[in-house]
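Just below is one structure, and these are the notes that go with it.
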Amino acid sequence: MSLIAGLIKITTPLLFFLNYFGGIVGAVWLIFTGEWKYVLFTFLFSLFIPTLYSIVIMPFNFIFGLAIDFFTDKQRKIPVIIIGAISIILNNLIELFWVFLVFLFVIGRANIVGVSVFPYLLYGYALATGPFNYMASKEPKDSIGTHISVYFIEISYVILSVLFLADGLAFAIPILLIITILFLSFLLKLTSESMDIEWGTFSKKKEIQLCIAELRKMSKELSTAALDIVKPRIYEYLKDTDKVVYSLQEDKVTPRNLVLLLVTNAIAEKLPTGQYHIYRGVLGLEGQSLLNLYDYAIDELEKCGFLSVEEAKKDKDWIREQISVVG
């Protein structure tokens, strides 16, 4: 287990409490002390933070995104990692600036009013993290980088608060610098592993490379976001190289048919979870796109004779039955 993974595991109960109750408890406490105008003003101001943050970071993300796409197409890992590191550091600096700003603001307010600092710290946590939690909620649930970034903001504020209460703010910069480096290395490691999977560099076996080539070809042919959703799971399947080689050599499955099978397996895992439903039995746009891709894969397997008409119909009926009972 990495240091970051261990830190996340240890601090999850505390952050869970703060995320659900910290802001409410702090706000109610402050209102009872007569600070309702302060609470109202800061809450309204926080509503504009996602927009302001997007305006600030958008030009940088656009430039970095173009550079990363360029080197990704050429499968140049080192430039991608370097640019990714710069992008992460920039994001972290902006996030830290916001955390420090909120922290100093609430502490300063507590000193001016002359009441307990605890409700200000609790409410300040919601101010610092709320806008970023909102933005993260709009991202895909498997967007690890986004959720790690939110965790970085949460833990940074908690560290500042604890150091303040322990009269140890002098150690804030060194500690947050170490945390930033740990998060940077963690995210870059994930990026490197993701590139190895995406580019097929996790295995040099001919059979694996043939399957990856078929998957890339399918991506260009279909241009559907649904395939991007299931790609990570397909690559996880392909990492089991012995099983893939056995299917291709012993079971005489063609690389294209194997990829189509993996597509159906990945979608069959995702759609019954309810994640892609808008309500019971009804899929959202992403869910419908996944279902269309599933039908396409089944139809292709039927056309080439891998599945019989009856088997294809049975598979389609099964996935629709699963969809109908969840959501």
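The table that follows gives values for the structure above.
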item	result
Given (1) out of contact with any Cys (no Cβ under 8 Å at 6 or more places or on another chain); (2) over 29 Å from residue 146 (Cβ atoms), index of the condition residue 257 fails	(1)
Of residues in the stretch 252-285 being assigned to a loop (DSSP other than H, G, I, E, B) and within 21 Å of the chain's Cα centre (by Cα), the one surrounded by the most Cβ atoms within 10 Å (Cβ to Cβ)	276
Test: residue in the stretch 128-144 that is buried (at least 17 other Cβ atoms within 10 Å of the Cβ) and farther than 20 Å from residue 48 by Cβ	no
Complete set of residues in the stretch 94-109 that are loosely packed, with under 15 Cβ neighbours inside 10 Å and either in contact with a helix residue (DSSP H, G or I) (Cβ under 8 Å, 6 or more places away or on another chain) or touching a residue at least 24 places away in the same chain (Cβ under 8 Å) (or both)	94
Any hit, the stretch 73-93, residues being in a helix (DSSP H, G or I), surrounded by 13 or more Cβ atoms within 10 Å (Cβ to Cβ) and among the acidic types (Asp, Glu)	no
Selection count, the stretch 110-156, where residues are touching a residue at least 24 places away in the same chain (Cβ under 8 Å), assigned to a helix (DSSP H, G or I) and not aromatic (Phe, Trp, Tyr)	21
Pair list, Cβ under 6 Å, 6 or more apart: the stretch 280-303 residue in contact (Cβ under 8 Å) with a residue 24 or more places away in the chain, other residue assigned to a helix (DSSP H, G or I) and of a type in the set (Ser, Thr, Tyr)	281/324; 294/264; 297/264
Selection from the stretch 30-50 of residues that are assigned to a helix (DSSP H, G or I), touching a Pro at 6+ places or on another chain (Cβ under 9 Å) and hydroxyl-bearing (Ser, Thr, Tyr)	46
Of all residues making up the stretch 286-305, the number that are touching a helix residue (DSSP H, G or I) at 6+ places or on another chain (Cβ under 9 Å) and in a loop (DSSP other than H, G, I, E, B)	1
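Residue-wise test of (1) at pLDDT below 85; (2) in contact with a helix residue (DSSP H, G or I) (Cβ under 8 Å, 6 or more places away or on another chain).
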residue	(1), (2)
201	yes, yes
206	yes, no
209	yes, no
230	no, yes
235	yes, yes
245	yes, yes
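The values are calculated or read from the model by the stated rules, or taken from the named source; none is laboratory data. Predicted model, so just to flag it, every value in this text is computed and none were measured. FYI the Cβ positions are ideal-geometry reconstructions off the backbone, even for glycines, and counts take in every protein chain you see.
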